[in-house]
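None of the figures in this text is laboratory data; all of them are computed from the coordinates on show. Note that this is a predicted model, so its numbers are computed, not measured. Positions of Cβ are generated from backbone atoms using ideal geometry, with glycine treated the same way; all protein chains shown enter the neighbour counts.
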Amino acid sequence: MTGRLIVVGLGPGDANLTTPAVSKALAEATDLIGYITYLDRAPAGPPGQRRHATDNRVELDRARHALSLAAEGKDVVVVSGGDPGVFAMAAAVFEAVETGDVAWRALDIRIEPGVTAMLAAAAEVGAPLGGDFCAISLSDNLKSWATIERRLKAAAEGDFVIALYNPASRARPDQLGKALEHLRSFKAADTPVIFVRAAGTSDAKIRIQELGTVDVTSVDMRTLVLIGSSLTRKIERPGASPWIYTLRSERELS
Ligand code: SAH
């Protein structure tokens, strides 16, 4: 089998945040697979490059399709936003390999990392991920709400900065409110909550609030939510959005 499959992450939006390694993989591919919105962000490839746009929500089916094309000898690139290993297609590809045709294990499969939303969002406001942090997806079509609540509580008890991916959608409008309500039992009311929409693009929008009085209306699927730890600080600035950062050492607080 000579085919190749590369799972790439385009980064958060701006073309400057797509790595050269990802651009090279896109430029060399015979076949691109991914959501139409991501494929539209990939620059035009070589003549004859095929684009398999999908609105298929079943990631495993898309992964199997990509693997079958690679097994036919194609140079396949599966396109994700951000990083392909963070709540995205790379894990689906490996699950398809583990459960699929043993011949797929001989394929040349690679992952090309990208700038994940959490890093782009953090950079928009300062350095909120300067201390220990964790990432949780609020999408509960892949896990139960009980699991999400258990992880939120553990993250709060561990005093991690928390990055929330997939905070809300039309199908799940109430989840973010429920998640923050749950966190209010474990974290101080003045904990900063930062909403960054379209991080790493020229449309980026930042809102900084406090956990006790947070307003979750207008949060959508292009928003990343960062919730501070006890070491997260705010530096007010005249006429500008404050800087947010998290102290690297708990000694600074004493
Ligand atoms: N693989 C992607 C994440 C996929 S989950 C990555 O590494 O970034 C999709 C979620 O990511 C969205 O609901 C949103 O919470 C977040 N997201 C993706 N791009 C974003 C951006 N430019 N700004 C803010 N959040 C973003």
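Here each label is just a point 7 Å from Cα along the line to Cβ, and for Arg184 and Lys153 those points are 1.8 nm apart.
Shape descriptor for the chain: Rg over Rh equals 1.02 (Cα atoms; Rh from the Kirkwood inverse mean 1/r). Each label was represented as a point 7 Å from its Cα along the Cα-to-Cβ direction; for Asp174 and Asp40 these points are 3.2 nm apart. Model label points for Ser23 and Asp101, set 7 angstrom from Cα along the Cα-to-Cβ axis, are 3.5 nm apart. Cut-off 10 angstrom, C-alpha nodes, Gaussian network model of the chain. Which of Asn16, Asn166, Asn141 fluctuates the most? Result: Asn141 has the largest fluctuation of those listed.
When the Cα positions of Ala155, Val216, Ala204 are compared along the charge dipole of the stretch 147-254, Ala204 comes out farthest toward the positive end, with charges on each C-beta of Lys, Arg, Asp and Glu. Segment Arg110..Arg50, full-extension length gain: 19.6 nm, with 0.36 nm per residue of separation and the alpha-carbon distance subtracted. I want to verify a result. In a Gaussian network model of the chain, Cα cutoff 10 Å, which of these has the top mean-square fluctuation: Ala44, Ala123, Ala53? Top of the fluctuation ranking is Ala44. Classify the stretch 9-86 as rounded, prolate or oblate, taking a ≥ b ≥ c as the square roots of the eigenvalues of its Cα gyration tensor: rounded when a/c is under 1.5, otherwise prolate if a/b is larger than b/c and oblate if not. The shape class here is oblate.
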